[in-house]
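See structure below.
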Amino acid sequence: MLDKDSLDKLEKLFLKIKHKTIIVEGKRDKQALCSLGFSNVITLNHGGLYETAEEVSGQEVVVFTDFDHEGRLIAGKLNQF
């Protein structure tokens, strides 16, 4: 369990990014964030990586990927755009 300071920092982060476009890998990731109140969540499986990058071009986005090899590759490619 997180201590109060960590929970406060997490809450501030959530409030800061709540209205930004968030890119996640799959539908379960999207469902989890939507259950926390996030509404503008895009999954990579709805389209390809490049299509997603074009869709959010010019926007400030947040990328949440898994901490596995594929997730690091996806985040790295999206950060290049």
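The values are calculated or read from the model by the stated rules, or taken from the named source; none is laboratory data. This is a predicted model, so every value here is computed, not measured. Neighbour counts are summed over all protein chains in view; Cβ atoms, including those assigned to glycine, are modelled from backbone coordinates with ideal geometry. Surface accessibility is based on the protein's heavy atoms, side chains included, excluding ligands, DNA and RNA. Shrake-Rupley method; radii C 1.70, N 1.55, O 1.52, S 1.80 Å.
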Among the residues of region 66-76 satisfying the criterion of being part of a helix (DSSP H, G or I) and within 14 Å of the chain's Cα centre (by Cα), which is modelled with the highest pLDDT? R72
Looking at this structure, is S6 open to solvent by 60 Å² or more (accessible area, probe 1.4 Å) and either of a type in the set (G, A, S) or not in a loop (DSSP other than H, G, I, E, B) (or both)? no
Checked region 16-28 for anything over 13 Å from V62 (Cα atoms) and either part of a helix (DSSP H, G or I) or more than 12 Å from the chain's Cα centre (by Cα) (or both); matches are K27, R28
Answer residue from region 39-65, given it is in contact with a helix residue (DSSP H, G or I) (Cβ under 8 Å, 6 or more places away or on another chain) and assigned to a loop (DSSP other than H, G, I, E, B) and is farthest from I23 (Cα to Cα) among those: G47
Could you give every pair whose Cβ atoms fall below 6 Å, whose first residue belongs to region 54-81 and is within 14 Å of L44 (Cβ to Cβ), and whose second residue is open to solvent by 40 Å² or more (accessible area, probe 1.4 Å) and of a type outside the set (D, E), counting only separations of at least 6 or pairs across chains? V62/K20; A75/V63; L78/V63
Are there any pairs, at least 6 apart or on different chains, whose C-beta atoms fall under 8 Å, with the first in region 1-12 and under 16 Å from L36 (Cβ atoms) and in contact (Cβ under 8 Å) with a residue 40 or more places away in the chain and the second assigned to a loop (DSSP other than H, G, I, E, B) and not charged (D, E, K, R), and if so, which? none
List every residue pair whose Cβ atoms sit under 7 Å apart, with the two residues 6 or more apart in sequence or on different chains, where the first one lies in region 18-42 and is of a type in the set (D, E) and the second, anywhere, is part of a loop (DSSP other than H, G, I, E, B) and surrounded by 13 or more Cβ atoms within 10 Å (Cβ to Cβ). E25/T65; E25/D66
